[in-house]
1. Is it fair to say Ser80 is under 16 Å from Lys3 (Cβ atoms) and touching a strand residue (DSSP E or B) at 6+ places or on another chain (Cβ under 6 Å)?
2. When the residues of the stretch 23-39 are narrowed to those that are of a type in the set (Gly, Ala, Ser) and in contact with a Gly (Cβ under 9 Å, 6 or more places away or on another chain), which ends up nearest to Leu75 (Cα to Cα)?
3. Among the candidates Gly45, Gly35, single out the residue that is farther than 14 Å from Asn7 by Cβ and small (Gly, Ala, Ser).
4. How many residues does the stretch 53-81 contain that are within 9 Å of the chain's Cα centre (by Cα) and of a type outside the set (S, T, N, Q)?
5. If I filter the stretch 1-22 down to residues being in a strand (DSSP E or B) and farther than 15 Å from Arg69 by Cβ, which single residue comes out as most open to solvent (accessible area, probe 1.4 Å)?
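The values are calculated or read from the model by the stated rules, or taken from the named source; none is laboratory data. These numbers come from a predicted model, not from an experiment. Quick reminder, even Gly has a Cβ in these numbers, built from the backbone with ideal geometry, and neighbours come from all protein chains shown. Heads up: the accessible areas ignore ligands, DNA and RNA and are worked out on the full protein's heavy atoms, side chains in. Shrake-Rupley method; radii C 1.70, N 1.55, O 1.52, S 1.80 Å.
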Amino acid sequence: SYKVMLNGPAPWGFRLQGGKDFSMPLSISRLTPGGKAAQAGVGVGDWVLYIDGESTSSMTHIEAQNRIRACGDRLCLTLSR
């Protein structure tokens with residue numbers, strides 16, 4: 001796993017898929033070319049393990065989106081390839 005720190009504000013330049021409500025781990029489904037996430041080395045298909053230190057293992061898709069929105073000017077993600 002690896003960590004990235006994205007400096008805001010949003011947009012962060014990625015799209016999520018999955019979540020507990022979809023019975024799938026949260027993962028990166030799309031990157032904006034040249035966006036903050038792509039510049040930080042995030043890859044399509046990477047699993048999102050933690051959002052700002054909070055485990056995503058029991059998060060629904062909406063909960064994860066809301067957690068990312070609540071980050072404000074700095075988003076810390078722990079990901080796995």
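1. yes
2. Ala37
3. Values: Gly35 fails: farther than 14 Å from Asn7 by Cβ.
On inspection, the qualifying residue turns out to be Gly45.
4. Taking the stretch 53-81 first, the residues within 9 Å of the chain's Cα centre (by Cα) are 64-65, 68, 75-79.
From what's left, of a type outside the set (S, T, N, Q): 64, 68, 75-77, 79.
Summing the residues that are within 9 Å of the chain's Cα centre (by Cα) and of a type outside the set (S, T, N, Q) in the stretch 53-81 gives 6.
5. Lys3
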